[in-house]
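The values are calculated or read from the model by the stated rules, or taken from the named source; none is laboratory data. Keep in mind that what you see is a predicted model, and the values were worked out from it rather than measured. We place every Cβ from the backbone using ideal geometry, glycine too, and count neighbours over all the protein chains shown.
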């Protein structure tokens, strides 16, 4: 179902559903000034194939979000290869989009080196990015919304960036002043780990079922 909000399954249920299918993630750290993104293959060893920052210098929040939305649209179009009707393409079923969403109880989100901006503006940016993801995704279950607390575990952005640099040596903190790219990569790696664990659990359950049938 597309258009409008739907009752989503829990994140754990979505990951369990997608584990046998998904081999690529597009992870997004949203913002109304800077949005970080990463594209990675997650079957076997995680491999980052693209990562960067989408920015807008406009002083007007609405124009900034429109500019960021347009660039994110173009990014999705690059990876949309499945025909979904005349002149319409979507991401294939092997691709899921992962988006960090704000903790409901939070009141502000700040970035190093920038002024804090209200939750309302940030929530609008997240909502717009979520709508873009739902437009391009194969279906709604291929859009994973992850509470920032669930994957960050309250660690600082600096520590998360160090972890990303250790796992992905090509990451350059000097090119990522707000560490938005680091968070996009880190979010994707977290989701990849959850998918890997779900695939392992599925494999173990299938082996146990086969062993049980063999004993009958």
- Going by the conditions given, is residue 197 surrounded by fewer than 14 Cβ atoms within 10 Å (Cβ to Cβ), at negative phi and assigned to a helix (DSSP H, G or I)? yes
- Query: Out of region 149-185, which residues are assigned to a loop (DSSP other than H, G, I, E, B) and without any contact (Cβ under 8 Å) to a residue 40 or more places away in the chain?
  - Reply: 153, 154, 155, 156, 169, 172
- Query: Out of all the residues in region 70-91, is one or more surrounded by 15 or more Cβ atoms within 10 Å (Cβ to Cβ) and part of a strand (DSSP E or B)?
  - Reply: yes
- Message: Being surrounded by fewer than 16 Cβ atoms within 10 Å (Cβ to Cβ) and modelled with pLDDT of 90 or more: is that true of residue 115 here?
- Response: no
- Query: Is it the case that some residue within region 119-128 is over 17 Å from residue 180 (Cα atoms), in a loop (DSSP other than H, G, I, E, B), modelled with pLDDT under 95 and touching a strand residue (DSSP E or B) at 6+ places or on another chain (Cβ under 7 Å)?
  - Reply: no
- Task: Go through region 16-36 and give me each residue that's touching a strand residue (DSSP E or B) at 6+ places or on another chain (Cβ under 7 Å) and part of a helix (DSSP H, G or I).
- Result: 18
